[in-house]
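All remarks here apply to the structure that follows.
The values are calculated or read from the model by the stated rules, or taken from the named source; none is laboratory data. Being a predicted model, the structure only gives us computed values, none of them experimental. Methodologically, a virtual Cβ is constructed for each residue, glycine included, from the backbone with ideal geometry; neighbour enumeration extends over all protein chains shown. Protein only, heavy atoms only, side chains kept; ligands, DNA and RNA dropped before computing areas. Shrake-Rupley method; radii C 1.70, N 1.55, O 1.52, S 1.80 Å.
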Amino acid sequence: MENNAEKMEKIVSLCKRRGFVFQGSEIYGGLAGVFDYGPNGVELLNNIKKAWWKANVYDKENYFGIDSGMFKHPKVWEASGHTSGFSDPLAECRECNTRIRVDKELERVGVTADEKMSEAEINQLFDSVRDKIACPKCGQKNFTPAKAFNLLVKSNLGDFTSEGTDPVYLPGEACQGIYLNYKNILDSMSPKLPFGIVQIGKAFRNEISPRNFLFRTRELEQADTQLFVKPNENKDAYEQVKQDRWNWYLSIGIKEENLQWKQHDNLVFYASDAWDIMYNFPSLGFDELEGVHDRTNYDLTQHMEFSGVDQRYTDGETGEKYIPWILETSVGLGRLFLAVISDAYHEEEMDGSTRVVLKLHKDLAPYRVAVSPLLKNKPELVEKAREVFVALKKEFGNVAWDDNGNVGKRYRRQDEIGTPYCIVIDFDTLGEENPAAKDTVTVRHRDTGEQERVAISELTSYLR
Ligand code: ATP
């Protein structure tokens, strides 16, 4: 199937129909840029997080996980540069007041622009192609000049006077929590360079035009790793980090043909190198999934300056003190969730009809297995099926019970949510017609539709 708008619509509809993702505050008409994960969605999301955590903490040495508070001292966002520089260029349609994000509209008409450009630079580019950019709502081409619009979301935490001075912001990115705890990790865990700190955390951005489902949202979650290395010992480590991240996508079943690297042409002044892993998103084509950034010593230097607290590392061998350099990886979990579902989504012919199937990696699927009795009005089948269900549930947790409709319908339903195996308890299981098959069940495979008989006593090891 083509990677087009139609595929995106099908995915959005599947996500709603099968309890993966709902529009936030839907009964009130929705809240732009916010989504809620339903029962199947939260399982998939949690499995993605588990796989990411395993790869970035358990499979590594010298990597430490944290979970920092969402709210941070207002100075944090000054030190990081977010209060002054975390903005997107916004223009408003003079006819209908629709707001557009000018850099993205420029990209759409083939003009390269990015967040590092000044307001004047963006306006120069904007003016050169105004006749090509139409308002997405009314179609007119009558826009105000672009103005930098800060994306930080303010709160009134601790502000009892409502004066709004020195606001406490919601996090614009999750990684600041890592920089703030770097010294705590040094003091409490005594790691030696190179070492990593990782975190999965929420972030909030006043995106001008949230769109493309989970791709651009105002509330998001980021999975970040920050590897601290000796100054100037960044190059090889950076290549290794890039390679690890690429391989991880392959390990969770993403097709390599849907991934691409893109190097940033226009680096922020402190960065030494920056690459994005791009995914071939439905309706968007290749766009940023994850950033892999070589950030030099910028973040810790800034926090040392703004907080006055020494952020230097003392080299155990030489006694030398220095600020480590940081190699960062950051992926938005919503984008990743969309990439995983999109990659797994297939429509194909099976048994004379078209089926929708999510060919998710076994460890990511919301349910590992579904159990059902062949007929739900035969107590002896139901009883045996419940026995198998309860035993497997104890073992795996994410086991579905499905006795609605006929077996064919159940298979289709489980295909749509990506359940790798379906187990059916039938009369053979009871040994009524075929004593040799007693205490065996049918196991049906999602991807091929093939079925085989497996002994109940061997199911656990078989499914594992
Ligand atoms: P973009 O250029 O698409 O706005 P960005 O370069 O600002 O993204 P980063 O600040 O590097 O993104 O954030 C790291 C990751 O967080 C991105 O690669 C992306 O996966 C995710 N992300 C950023 N903004 C959003 C958003 N509004 N909605 C969903 N995910 C996001």
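Here are the numbers for the structure shown:
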item: Dimensionless Rg/Rh of the stretch 313-464 - Kirkwood Rh, Rg from C-alpha atoms; result: 1.24
item: Per-pair calculated FRET efficiency, R0 = 22 Å: His346 and Glu257 via Cβ, rounded to 0.05; result: 0.90
item: Interchain or long-range residues, amide H under 5 Å from Phe64's placed H; result: Gly196, Ile197, Val198
item: Farthest toward positive dipole pole in the chain [+1 Lys/Arg, -1 Asp/Glu at C-beta], among Thr448, Tyr270, Leu259; result: Thr448
item: Reciprocal mean inverse distance between Cα atoms of the chain - Kirkwood radius, Å; result: 25.1
item: For the stretch 177-250: Kirkwood Rh in Å [reciprocal of mean 1/r, alpha carbons]; result: 14.8
item: Computed lengthening from Glu395 to Thr354, 0.36 nm per intervening residue step minus Cα-Cα distance; result: 11.4 nm
item: Label-point gap, in nm, between Lys147 and Lys49 - each point 7 angstrom along Cα→Cβ; result: 3.8
item: For the stretch 326-395 versus the stretch 93-116, the gap between their alpha-carbon centres in whole angstrom; result: 40
item: Normalised contact order of the chain, rounded percent, pairs of Cα under 8 Å and 6 or more residues apart; result: 13
item: Over the stretch 1-75, relative contact order from alpha-carbon pairs under 8 Å, at least 6 apart, %; result: 18
item: Summed side-chain charge close to Ala120 - residues other than Ala120 whose Cβ falls under 15 Å, Lys, Arg +1, Asp, Glu -1; result: -4
item: 0 to 90° range, to nearest 10: angle between helix 379-396 axis and the chain longest Cα axis; result: 30
item: Proximal lysines to Lys50, defined as alpha-carbon separation beneath 22 angstrom and excluding residues fewer than eight positions away on the same chain; result: Lys60, Lys202, Lys242, Lys255, Lys359, Lys362, Lys393, Lys394
item: Computed over the stretch 209-322, the ratio Rg/Rh where both radii use C-alpha atoms and Rh is Kirkwood; result: 1.04
item: Cα gyration tensor shape for the stretch 113-176, rounded if a/c is under 1.5, else prolate or oblate; result: prolate
item: Length added when fully stretched, Thr112-Lys230, from 0.36 nm per residue minus Cα-Cα; result: 39.0 nm
item: The chain: angle of helix 39-53 to the longest principal axis, Cα-based, in degrees nearest 10; result: 60
item: Segment Ser84-Glu452, length gained on full extension (0.36 nm per residue, minus Cα span); result: 126.2 nm
item: Label-point gap, in nm, between Phe427 and Asn404 - each point 7 angstrom along Cα→Cβ; result: 2.8
item: Value of relative contact order over the stretch 327-367, rounded to a whole percent, pairs C-alpha under 8 Å and six or more apart; result: 28
item: Accessible surface of the stretch 181-228, 1.4 Å probe, proportion on carbon and sulfur as whole %; result: 44
item: Compactness of the stretch 123-222 as Cα Rg over 2.2 N^0.38 Å, two decimals; result: 1.59
item: Degrees, to the nearest 10: 5-17 long Cα axis against longest axis of the chain; result: 60
item: Heavy-atom surface of the chain, accessible at 1.4 Å and reported per residue (Å²); result: 48
item: Solvent-accessible area of Ile27 with every protein chain in place, 1.4 Å probe, in Å² to the nearest 10; result: 150
